[in-house]
Structure formats: C-alpha cells, structure tokens
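Chemist: Please find one structure pasted underneath; my questions will follow.
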Amino acid sequence: MKNISYFCTKFTLYMKHFYDVIIVGAGHAGCEAACASAAIGAKTCLVTIDMNKIAQMSCNPAVGGIAKGQIVREIDALGGRMGIVTDRTAIQFRMLNRSKGPAMWSPRAQCAREQFIWEWRHQLDITPNLDIWQDQVTEILTEKTEHTGDNSNDENAKTRVIGVKTLWGVEIYARAVVITAGTFLNGLLHIGKKMLPGGRIAEPAAAMLTESINSIGIRSERMKTGTPVRIDARSVDFSLMERQDGEDLTHMFSYINYETAEKQYIENTCNAQRDRYAAERLIREKQLLPCWTTTTNAKCHEILLSGLKDSPLYNGQIQSIGPRYCPSVETKLITFADKDSHPLFLEPEGLDTNEMYLNGFSSSMPMEIQLAALREIPAFRNLKIYRPGYAIEYDFFDPTQLKHSLESKICEGLFFAGQVNGTTGYEEAAGQGLVAGTNAALLAGKNTETAEIPALILNRDQAYIGVLIDDLVMKGVDEPYRMFTSRAEYRILLRQDDADRRLTPLAHSLGLATTERMNVWKKKEAEIDALIEKLKTSTLKANDINPYLESIGSTPVNGTVHLNDMLARPGVTISGLMTMCPDLENNTEVIEAAEILIKYNGYIKREREYADKMHRLEDIKIGGHFNYNEIKCLSTEARQKLSARKPETLAQASRIPGVSPADINALLVLLGR
C-alpha cells in the first residue's frame, strides 16, 4: 500500500507542466492565440478535448464575407494563419460587393472542411514554442496578491491566474491563460423536445470550467446559436437549382504565397519531413466547385409552422438569445410572415465528399419536420440527410469585464477570446484570439512586477478587429455579436486591400510578423509607390486616349493629359490604360491598391483627418482619475456605466451607451480642459 501511495505521489508530481501561456480550446480563436503567443517567443501549451477537431468549422464551411473578409486579411497582415489555411483549402472564391466602393469589398471562400482541419493542424505542428495537450480543462488555478492587511483572505487582494487543472488531474502552470472554449461551456443541444449536453453534435460539453471562472468573481450568462441540416448531394436534383460559380483565384486572403509562409517556419524547425507532409495535401489545382441556390415555398412553410409547438425556440425550452443576423428558418417565418419564400444556398463541404451545407435553413425543429418541409422543395423531393439542424445553448462571459487587451479586469493574466466573449463567427473569434494570445505572451514575458507591459491594442481607425474589441469591451452584448462594415465609422481606412499597410509593420515590431512577411510588404509598398509615380508623370495625347474614353462612355479630352488625372474619372482603370501604356503592367494587388489610392485620395484624406481629431480624445486619459459616483453633474446612468466599465480614455467613455455628450463635456471641465 505504501508503494502504491509513493507511486501515485510521484506520478502526480510528474504530471505538473510549466509554460508561459496556456490556451484553453483549439477552435479558431484558440489556434490563432496559440500561434501568436508562440511567435512572440512564449512557451505555449494548447489544450483541446480532441486533436482531430482542431479549428473545426462548426457551421458553414466558409471563411470571410461582409466585414469578416476584412478581418481575415487583418489577421494575415498581423502574422496570423487563417488566411493561409483558407487559401490552401479553398474550393471557391468570391469578392462580395464589387458593385459598391472598395471600402465595401469583402473576400469570401468556400473551404474543404476536413482539409481545413488538417491544414490548421499542420500550421500548429510547424510552429516553434508550441505544444498540444489533449485533455479537458475543468478548473482555473489562481492566487491572491497585494494584500492590504495581515489577513490572507483580504477582499481587497487582487487575483491572478497561475494555471489550470484538467479532467484527468493534470496541473499546468503558466503566467497567463487564454480561454477560447467556444460553445462548449455547459453546452446544451436541442432538436425538437430532445435535449442533450454537448459542445457540438456528438461532442461532449465542458462542465465545471464556467463554475470555476465564476468563483473568481467573473459573471457568465447564456447565449444560443444553431446550424442547418447537412445534405447528401446524391439525393439533390441540381437541374432544379440555380448554379452559382466563384471567381478565379487572382484574389485570395493571404498577402504571402504558401511557399513563403512555409519557409517562415519549416526552415526554423529544420524538419523536411513536415515539408513533404504539407506538400502531399495540396488541393488539386483548378478543381473548384460551385454553390447552388433555391428557395423555400408555401408548402414548406406550412409544414414548418405545423411543428412550431415542438420548436425549442417557441415552446419555452430555449431561454437565451440567438443571433439576430443569422436567424433560424422558423424565426424567419414568424418575423417575416409576409414573405412567400426565403433563399437557400447549398454549399459544398469539400472535393471528396457528398456532404453539403444548406445555408439559410438553420433549425432546431424536430428532425422529421425538417425533412418533411425540405422535401416540399422541388430540388429536394428525394432528399436524404446526414444529420438534422440543431440549436445549442452555451455560457459566455460579459465582455465589459475585460480590458482592451482582452485581459480580465478581475483576474490578472486571464484572457478571453471568441464566442466566450459573446461573438459569433470564425473570423471574429480568430481576430480576438490573435490579440489575446499576443497580449498573454507579452504579459508572461515581462521581467518585473513594475515593468511596463507592451500590448497589442488596435484602434477603431486601425482595424476592424479594433472596432470589434472596442464594441465588446465598451458596449457589451445582449445578443451574439457579428461584425458588419456599418459598425466601423472609418470604413474607407479599413479596406481589405491595405491591411498589410496598416498592420504588418506593427506586427513585425512585436515579433508577430516574420521578417519574410515584412519583406513581402516592403516590396509591395515600393511597387505601389513606383506605379503611382509613373501614373503621375506619364501622359497620353488626346488621339491616343480618346478612343478608350469613348468606349467606356467618358468625355473625350483635348490635348495631352496625365494618367493619374484620367484615373480619377469613373470607369477609367489602370487595366484599361495598360492597352496604351504596357509599362504600367504589374501584379493584381499592386494595381488594385494604386488605383484605389488615386481614385479615392480625397475621401481617404478627409476620413484620416477626422480620425486624427478623434485621437485627441483617445489621448486624454481618465482611468483612475475619478470616483464617478461622487460626480453629481453626471447623469445617474452615466455614473453607473462609467463606474462599471472604467474607461481608460475620454474617447472610450464617449462610446459607452448611456454616456451623453453633456457627460463628456462635464468630464472635460473637471479635467481642466
């Protein structure tokens, strides 16, 4: 018995691990957080329940879309991997909103779901400083610091994280922990009246972790999301659907090609085996797949409405709030009762599978109702499905409890990213993950308790990721938060074409972006500048340019004109001018960037000037200056909101709902401004 006790003690001691940063969960937020932390140089451990489901696309097999595509480009410019993985596994690509101005252009790609997982696994495998541990975290380990008295239970003492404990009793210690648990925290699945615990269908929920975090004093609430039915392509009559092809692959997400991306890490790890492993999984060139569209109909609606009494959304089963901008099909029928039909998009899940995703038909209705309703659609008369749609409720933590670095205000060293902050979408999660992972590594790397900690905090005029995090931290959420271009007041400055201009130098200075990536940007910048200069100095005679102008319906000119002046005209493009000036030829991205900078120069300058004015409020620090409850000239709501949110700057205070311009003026007076 003594020997057994001795063995258990030794085994327990052995199963204690020590890292700089721990990432809890390997979804889109967790993977970006892990890579960012490791890139900074932190010894990082990524803990996941299932290593075969890393970066699983739980809902639609697509990346990007309106505003989301801009976020992916920003992640890439910052040295993240989502853009690289997407380009590597894309089976269709489209640039959305081409009919609008470039501030609205948004890239989107369909991806091969299984290849997406394994490509992400490859990215993690080639990342130095990164280990993976398959287990489930059940407890956050903390300690009290800075006691104000002799009592070790002093309520004024600060709490800081020191590690995590897993379901199997393993203790992993670190100076920073990032929670990226997605929908797994006390997840509850709904199909009709049937309810089962789960993080995704056929995957276990993560119990106990929420309760451990709550015990620190961090509040949690519940949210709901859902996913549609998965369809067997062999049972679909595609002749009764409309085909939707993608574009060519001249536009993709990453600013660097795959070979450059691989060299950043393969050469550092000196592992040729991994290089070959990656090469074997190349998506076959030119093998792109279409999407397909159809609509619901009156008979389909009738069947769905007949089953409404058994819908978890309407029978009282689900109490939490779901995403406004991705409603279930049953919610559409109630909200838009005057509509005779709703669009559906059938999307491929990969090159070598019959499984397809039915976008627009998210539902938690009983499975027999879902199937019967779909079979009333002509293309789906003989439909077979792999699994029904379902809803899931899960825990999230109020993001107003976070700093802009995504570190908890309550527990030092504890960071949160992704759906646990009340967002929805792979891209929003990945952007938060990169920021949280970076800041966790920077915190873990500080040398002394008094050392100033650098942090990656993006402004609203610097990145959509900055808008996202500022909205979460300053405004909070009352429904799953989804990014749109309309949420950004500086859209012209946050275009998808110039995320590298905005962010790569910053990322390189922090160690996020490699020198290889920085060199790619410098080369592109030089080419853009050279092309703009060439357009400014090059001229064409009227006889040479007028045939082109007339062909596009533009007014002919008299005499000699400069090309940059002509480019300011609607309809005139560099590609069009190249027929007369072949020396303008360059790669697509350089041409696009130069053209936008010339055509929209006035708008860009005006928005930049406005953003700079707002920065003056950002420079006025108010954190720690006021006891808001004692300032009677503030409104009651403002006192409550400012006390709860604790903004660091006057600009942050101005963005808190309930804080009026009069309240901001009062604070300016009190500051002597």
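Chemist: Tell me which GluC sites (Glu not before Pro) from the range 311-413 have a DSSP coil assignment and no more than 15 other beta carbons within 10 Å of their own.
Modeler: On the way: sites: Glu330, Glu349, Glu355, Glu368, Glu376, Glu393, Glu407, Glu412; in loops: Glu349, Glu376.
Sparse-neighbourhood loop GluC sites (Glu not before Pro): none present.
Chemist: Now, a different point. Filter the chymotrypsin sites (Phe, Trp or Tyr not before Pro) in the range 569-673 to those in DSSP coil with at most 13 other Cβ atoms within 10 Å of their Cβ, and list the result.
Modeler: Numbers: sites: Tyr600, Tyr603, Tyr610, Phe626, Tyr628; in loops: Tyr600, Phe626.
Hits after loop and neighbour filter: nothing returned.
Chemist: Take Arg243 and Thr293, extend 7 Å from each Cα along the Cα→Cβ direction, and tell me the distance between the two endpoints in nm.
Modeler: Using points 7 Å along Cα→Cβ, the separation is 1.6 nm.
Chemist: Per-residue HN-Hα couplings for the range 76-91, Karplus 6.51 cos²θ - 1.76 cosθ + 1.60 at θ = phi - 60°, whole Hz, x for Gly and Pro?
Modeler: The phi angles translate into 5, 4, 7, x, x, 10, 4, x, 5, 5, 5, 4, 5, 10, 5, 10 Hz.
Chemist: Further question on the same structure: Just the accessible area per residue of the chain, please: how many Å² with a 1.4 Å probe? If you can, show how the numbers build up before the last one.
Modeler: Details: 29370 Å² over 673 residues.
Here the per-residue accessible area is 44 Å².
Chemist: Summarise the accessible area of the range 284-339 (1.4 Å probe, protein heavy atoms) by the percent that is carbon and sulfur. The partial results should precede the final answer.
Modeler: Details: 1740 of 3160 Å².
The C+S portion of the solvent-accessible surface of the range 284-339 is 55 percent.
Chemist: Now a separate question. Show me the trypsin sites (Lys or Arg not before Pro) within the range 168-210 that DSSP assigns to loop and that have at most 14 other Cβ atoms within 10 Å of their Cβ.
Modeler: Lys193
Chemist: Let me know the number of lysine pairs in the range 578-670 closer than 17 Å at the Cα, not counting same-chain pairs under 8 apart. If you can, show how the numbers build up before the last one.
Modeler: Values: Lys605/Lys613; Lys613/Lys621; Lys621/Lys646; Lys632/Lys641.
Lysine pairs satisfying the spacing and distance rule in the range 578-670 number 4.
Chemist: Carbon and sulfur: what percent of the range 588-673's accessible surface (1.4 Å probe)?
Modeler: Working: 2480 of 4830 Å².
Its accessible area is 51 percent carbon and sulfur atoms.
Chemist: Same structure again: Of the listed pairs Lys165/Lys193; Lys53/Lys193; Lys53/Lys194; Lys53/Lys522, which have alpha-carbon separations greater than 30 Å here?
Modeler: Numbers: Lys165/Lys193 35 Å; Lys53/Lys193 28 Å; Lys53/Lys194 25 Å; Lys53/Lys522 37 Å.
Result: Lys165/Lys193; Lys53/Lys522 exceed 30 Å.
Chemist: Glu349: net charge of surrounding residues, Cβ under 13 Å, Lys/Arg +1, Asp/Glu -1, itself excluded? Working shown, then result.
Modeler: Working: positive: Arg113, Arg230, Arg387; negative: Glu114, Asp232, Glu347, Asp352, Glu355.
Cβ neighbours under 13 Å give a net charge of -2.
Chemist: List the residues whose amide H sits under 5 Å from the amide H of Leu141, counting only those 5 or more places along or on another chain, with H placed 1.01 Å from N in the peptide plane.
Modeler: Here the answer is Ile162, Gly163, Val164, Lys165, since their amide H atoms fall under 5 Å of that of Leu141.
Chemist: Picking from Leu567, Ser660, Thr636, whose Cα lies most toward the positive end of the charge dipole for the range 528-673 (charges on Cβ: Lys, Arg +1; Asp, Glu -1)?
Modeler: Thr636
Chemist: Compute the distance from the alpha-carbon center of the range 215-252 to that of the range 115-131, in whole Å.
Modeler: Answer, in whole Å: 24.
Chemist: Counting each DSSP H run of 4 or more residues in the chain as -39500 (n - 2.57), what helix-only mean residue ellipticity at 222 nm follows after dividing by all residues, to the nearest 500 deg cm²/dmol?
Modeler: Details: 23 runs with 247 residues, N = 673.
The helix contribution divided over the chain gives -11000 deg cm²/dmol.
Chemist: Right, next: Give me the distance between the Cα centres of the range 69-101 and the range 524-545, rounded to whole Å.
Modeler: Between the Cα centres of the range 69-101 and the range 524-545 lies a distance of 29 Å.
Chemist: Roughly speaking, what is the centre-to-centre gap between the range 585-617 and the range 387-414 when only Cα atoms are used, to the nearest Å?
Modeler: 35 Å
Chemist: If you don't mind, another one. Give me a comma-separated list of calculated 3J(HN,Hα) values for the range 557-568, in order, Karplus coefficients 6.51, -1.76, 1.60 applied at θ = phi - 60°, integers in Hz, x for any Gly or Pro.
Modeler: 10, 10, x, 8, 10, 7, 5, 5, 5, 5, 5, 5
Chemist: Residue by residue through the range 358-371, which ³J(HN,Hα) values in whole Hz follow from phi under the Karplus form 6.51 cos²θ - 1.76 cosθ + 1.60 (θ = phi - 60°), with glycine and proline marked x?
Modeler: So the J values, rounded to whole Hz, are 9, 5, x, 10, 5, 7, 10, 5, x, 4, 5, 5, 4, 5.
Chemist: Also, I was wondering about something else. Mind listing the long-range amide H neighbours of Ala62? Cut-off is under 5 Å, sequence gap 5 or more, other chains count too, H placed in the peptide plane at 1.01 Å from N.
Modeler: Hits under the 5 Å cutoff: Cys111.
Chemist: Taking a 1.4 Å probe, which of Asp338, Asp398, Asp583 shows the most accessible area, and what order do the others take after it? Don't skip to the answer; put the middle values down first.
Modeler: Working: Asp338 120, Asp398 25, Asp583 90 Å².
Greatest to least solvent exposure: Asp338, Asp583, Asp398.
Chemist: What does the charge dipole of the chain about its Cα centre add up to, to the nearest 20 debye, if the Cβ of each Lys and Arg holds +1 and the Cβ of each Asp and Glu holds -1? Don't skip to the end; give the middle numbers.
Modeler: Values: 77 positive and 84 negative charges, 153 e Å.
Dipole of the chain, to the nearest 20 debye: 740 debye.
Chemist: Tell me the carbon and sulfur percent of the accessible area for the range 55-131, rounded to whole percent, probe radius 1.4 Å. Present the calculation step by step, with values, prior to reporting the outcome.
Modeler: Details: 790 of 1630 Å².
Using a 1.4 Å probe with all protein chains present, the range 55-131 comes out at 48 percent carbon and sulfur.
Chemist: What residues qualify as long-range amide H neighbours of Thr514, i.e. H under 5 Å apart, gap of 5 or more or another chain, H built at 1.01 Å from N?
Modeler: Close amide H contacts, sequence-distant or interchain: none at all.
Chemist: Using unit Cβ charges (K, R positive; D, E negative) and no other charged atoms, how large, in debye to the nearest 20, is the dipole of the range 477-595 about its Cα centre? Please report the intermediate quantities before stating the final value.
Modeler: Numbers: 14 positive and 19 negative charges, 36 e Å.
Using only the charged Cβ atoms, the result is roughly 180 debye.
Chemist: Right, next: Determine which aspartates and glutamates satisfy two conditions relative to Lys534: a Cα distance under 17 Å, and not lying fewer than 8 residues away in the same chain.
Modeler: Glu525, Asp565, Asp583, Glu585, Glu589, Glu592, Glu595
The values are calculated or read from the model by the stated rules, or taken from the named source; none is laboratory data. Because the structure is a prediction, the values reported are computed rather than measured. Here Cβ is always computed from backbone atoms with ideal geometry, including for glycine, and neighbour counts include all displayed protein chains. Quick note on the areas: whole protein, heavy atoms, side chains included, nothing else; ligands and nucleic acids left out. Shrake-Rupley method; radii C 1.70, N 1.55, O 1.52, S 1.80 Å.
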